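Visitor: Please see the structure below; I have some questions.
The values are calculated or read from the model by the stated rules, or taken from the named source; none is laboratory data. It should be emphasised that the depicted structure is a prediction, and the values quoted were computed from it without experimental measurement. A quick note on method: Cβ atoms are made from the backbone with ideal geometry, for glycine too, and the neighbour counts reach across all protein chains shown.
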Amino acid sequence: MPVGTASFSVLIVDDEPGICDFLARALRKKYAVVDVAADSSSADKLRASRLYDLLIVDINMPGLSGLEWVSRFNAELPSEVIFMTGFAELDNAVAAVRIGASDFILKPFRLEQMLGAVERCYQRLKLSRENQALQHRLTRHYADSSLIGDSAAMQAVNGLISRVAATPASILIEGETGTGKELVASELHRQSGRSGAFVPVNCAAVAPELAESELFGHIQGAFTGAAQARQGVFDYADGGTLFLDEISEMPLALQGKLLRVLEEAKIRPLGTDREKSVDVRIVAASNKPLEALVEQKLFRADLYYRLNILPIELPPLRERLEDIPLLATLFTRQLAEELGLSAPELHPGALQALQGYHWPGNVRELRNLLERSILLGCAPAELLSDSVTAEHAGYPLNWSLAQVQVRHIEQVLQHCEGNKSRAARQLGITRKTLDRKRRDLDASVGAGDADVDLIPGL
């Protein structure tokens, strides 16, 4: 649910004190923000300091009528409007519909009737923001497989997620590109119990001149091209979690405004001085060390300390190689099902080759490589032929040249999953030469270096 009842705000405008008091007491049992005004002038003063989600307005009031008052600003800010009247006039009902009224209620009315109308407005706003939140998902989400792992590093990360997820504190996730920062943020939201949406925003993908509008929204005419009012991502994430990815790319001027929202839990749409309360938990991420950027005056120190209350550091995949067999198996199964294709069998040799690669793109690169291998119908290790690290290329200095050649042929054959023809091509020799070298080297090493541990079959 993208907007919580505690942040759903209502303004009742009626010149009858009894009606105002009666409705306010009833609505405050569910909605925390309920204000009242006796006329349009008093209502304008309240609207100058707060954005209301719902207006309940009497049509017949001294001074401006309810219809005249709402028609002045209804296109400016998106509010739900319920009109009340003691006179069943068709012209008023038609006029109310034309200016976007959500409901039209005749006095006297039953409390249940009004509460039902308010609940419909609340649900309509909730559904609207849920749909907007889905549209603001800038990256594709997968299952939480990248958070799975038996390594000590991933156990520590998962333990920290479980410990801090239910707290309202801001979280800063740091780690290299592709380590799964957005998945951690999503898991934090899932375990938080928050009822609103999880809304991810890539700060690096938002044009600097539009960043403030993207976050806080804008009113009609706030800037050139603002033909209509628009809500920001803070509205869509109300009651939930806002994930600010690559926050290091946020303009410095906007960082100060974000800090103010974190401290006061209020947003101010571009083009207006009116504020609105929001209930949003912030999770930020960066693949650049923010502390270093603070020292270089490229990131605000006060915002960094406000975000860095509970830091989570994600390890690169090369530091948890023991998790690769499990990750590869899960990804292969998921991807084969999604693509409707058969999955390649992951032999021990193939998994060893994957563990021998340095993975600059981390978990994302592993997943992409496995998807590519399924589409091409080849073993994933084949796609690493030009990228395998020299991790296994170091040999003891007391080894003979024959021993080094034996071990190198062994590694190439494992990488090629026992395919001798492919191994020969990679070694730059013929299949016949490979067989001869294996026989000669096996005999040479067996005779002169019996203490060397060789893989059977060489």
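Visitor: Quick one: R137 ticks every box in (1) modelled with pLDDT of 90 or more; (2) under 22 Å from E249 (Cα atoms); (3) part of a loop (DSSP other than H, G, I, E, B) except a single one, so which number is it?
Guide: Here R137 meets the rest and fails (1).
Visitor: Condition (residue is surrounded by 16 or more Cβ atoms within 10 Å (Cβ to Cβ), within 23 Å of L183 (Cα to Cα) and among the hydroxyl-bearing types (S, T, Y)) applied to the stretch 315-331: is it met by at least one residue?
Guide: For the stretch 315-331, residues surrounded by 16 or more Cβ atoms within 10 Å (Cβ to Cβ), within 23 Å of L183 (Cα to Cα) and among the hydroxyl-bearing types (S, T, Y): absent.
Visitor: Identify, please: which residue in the stretch 86-119 is aliphatic (A, V, I, L, M), assigned to a helix (DSSP H, G or I) and loosely packed, with under 15 Cβ neighbours inside 10 Å and is, among those, modelled with the highest pLDDT? Reasoning before the result, please.
Guide: Step one: filter the stretch 86-119 for residues aliphatic (A, V, I, L, M), giving 88, 90, 93-97, 99, 101, 105-106, 111, 114-115, 117-118.
Now narrow it down to the ones that are assigned to a helix (DSSP H, G or I): 90, 93-97, 111, 114-115, 117-118.
Next, from what is left, pick out any that are loosely packed, with under 15 Cβ neighbours inside 10 Å: 90, 94, 97, 111.
On the way: L90: 73, V94: 77, V97: 75, L111: 91.
The selected residue is L111.
Visitor: Tally time: how many residues in the stretch 46-71 are modelled with pLDDT of 90 or more and not aliphatic (A, V, I, L, M)?
Guide: Counting residues in the stretch 46-71 that are modelled with pLDDT of 90 or more and not aliphatic (A, V, I, L, M) gives 1.
Visitor: Out of all the residues in the stretch 17-40, which are of a type in the set (D, E, K, R) and either part of a strand (DSSP E or B) or not assigned by TED's automatic domain parsing to the domain that holds S65 (or both)? Steps first, please.
Guide: The first filter runs over the stretch 17-40 and keeps only residues of a type in the set (D, E, K, R), leaving 21, 25, 28-30, 35, 39.
The answer is D35, and nothing else.
Visitor: Which of the helices (runs of 4 or more DSSP H) found entirely inside the stretch 207-294 contain at least 2 residues meeting this: farther than 28 Å from S195 by Cβ?
Guide: Working: elements: 211-216, 233-236, 252-264.
Ranges flagged: 252-264.
Visitor: Report, by residue number, each residue of the stretch 295-329 that is in contact with a strand residue (DSSP E or B) (Cβ under 6 Å, 6 or more places away or on another chain) and either hydrophobic (A, V, I, L, M, F, W, C) or assigned to a loop (DSSP other than H, G, I, E, B) (or both). Write out each step before concluding.
Guide: First, the residues of the stretch 295-329 that are in contact with a strand residue (DSSP E or B) (Cβ under 6 Å, 6 or more places away or on another chain): 307-308, 310-313.
Hits for the stretch 295-329 are L307, N308, L310, I312.
Visitor: How about the stretch 37-54: which of its residues are crowded, with 20+ Cβ neighbours inside 10 Å, out of contact with any Phe, Trp or Tyr (no Cβ under 9 Å at 6 or more places or on another chain) and over 22 Å from E264 (Cα atoms)?
Guide: Within the stretch 37-54, A37 is the sole residue that qualifies.
Visitor: Sticking with this one: Any idea which of (1) surrounded by 15 or more Cβ atoms within 10 Å (Cβ to Cβ); (2) modelled with pLDDT under 80 is the one D451 doesn't satisfy?
Guide: Checking D451 against (1) surrounded by 15 or more Cβ atoms within 10 Å (Cβ to Cβ); (2) modelled with pLDDT under 80, the one that fails is (1).
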